[in-house]
């Protein structure tokens, strides 16, 4: 049986020599031709570690938004969010990344004004632009439209170390800049040390709601009105990038749906393989482990606890080994097991998760 699998593996991988060298610059559908193994079309990994949204959800666009597709296709200039005053409906766009993913969001702002373009001051200048707080942008993340609202379906603050109410906040500067969703706050109150204009950082999601608003608690740094221009946004994938070339084992049968489910399971597993960052995006309720910090691990989930559990390895580690063999994924399993063993008590007890 081992010889058969070796021959099959050698036959399939040999086909790579027949693939055009330009395959990486085209879409996955364009790359499908007679020389590429048929199972490649089921692989769910993105083309690149930099992931761009596939579109917006038009019927969920709200308020005064000009050119909402601007930061998706780059046509017609940036998307412009306008809100003359807080009583107006908050401008909002819902972005679709095509499938669930996980990582750090980046937003390229083309600029902002603390006054809406509909409220010119003397000599055509915005009368409230300088000396006021910056217009606020809030972000909400969700796996599904059903659970998407003005706060995320899950955010790290829900489990403790609470710095947000479930949405990430941005006070948008006047000049162009790129914001990255790092865990922490843009400002800190000198009197009580509390953070203002905060973000939870890493998120697992498919849908992203962007809206012009600000929390009262973020005053005076952010205000719920003004004009914000967004030219681009993307996600830096933090998890294992399970592209076809990383596979050492695969499954394919005559039932396309069943084959797809197998690769969906591998993709789900891949999203859980990530670097352990205890203070930034791991479970804040005692999951931090200095001996795991900076090492690749298998988390229990890409967006929620992000805590390595020994019970999960019974399935996740085997799935990773069958699909990707020796390498990053098997190293992740080994790191978790070694850390749990290092924390074993004298009476033989082994912790169920990192600690």
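Using R₀ = 30 Å, calculate the FRET efficiency as 1/(1 + (r/R₀)^6) where r is the Cβ-Cβ separation of residue 175 and residue 144; round to 0.05. Could you put the intermediate results ahead of the total?
Details: r = 36 Å, r/R0 = 1.21.
Once the sixth-power term is evaluated, E becomes 0.25.
So how do 108, 289 line up by other beta-carbon neighbours within 10 Å, fewest first? Before the final figure, lay out each step's value.
Details: 108 16, 289 23.
Ranked by crowding around the Cβ, least crowded first: 108, 289.
Shown here are the Rg and Dmax of the Cα trace of region 292-355, at 11.7, 36 Å. Our note on the geometry: Cα centres of region 268-304 and region 69-109, 29 Å apart.
With only the Cα atoms considered, region 244-343 has a convex hull volume of 100 Å³ per residue. Using R0 = 22 Å, the C-beta based FRET efficiency linking residue 330 and residue 268 works out to 0.80.
Taking other Cβ within 10 Å of each residue's Cβ, how do 246, 50 sort, fewest first? Before the final figure, lay out the partial values.
Working: 246 17, 50 12.
Exposure proxy ranking, most exposed first: 50, 246.
For region 233-252, the residues whose amide N sits under 11 Å from a probe point set 7 Å from the Cα of residue 38 along the beta carbon direction are 252.
Ranked by how many other Cβ atoms sit within 10 Å of their own Cβ, fewest first, the residues 152, 254, 333, 323 fall in the order 254, 333, 323, 152. For region 244-343, the relative contact order comes to 30 percent (Cα pairs under 8 Å, sequence separation of at least 6). Extension gain, residue 188 to residue 106: 0.36 nm times the residue separation minus the Cα-Cα distance gives 27.3 nm. Multiplying the residue separation of residue 345 and residue 59 by 0.36 nm and removing their Cα-Cα distance gives an extension gain of 97.3 nm.
Any chance you could run the full-extension gain for residue 236 through residue 66? It's 0.36 nm times the residue separation minus the Cα-Cα distance, nm to one decimal.
Details: separation 170, 0.36 × 170 = 61.20 nm, distance 2.65 nm.
Result: 58.6 nm gained on full extension.
Values in this text are rule-based calculations from the coordinates and carry no lab data. From a predicted model like this one, the values you see are computed outputs, not experimental measurements. Don't worry about glycine lacking a Cβ; one is built from the backbone with ideal geometry, like all the others, and counts go over all protein chains shown.
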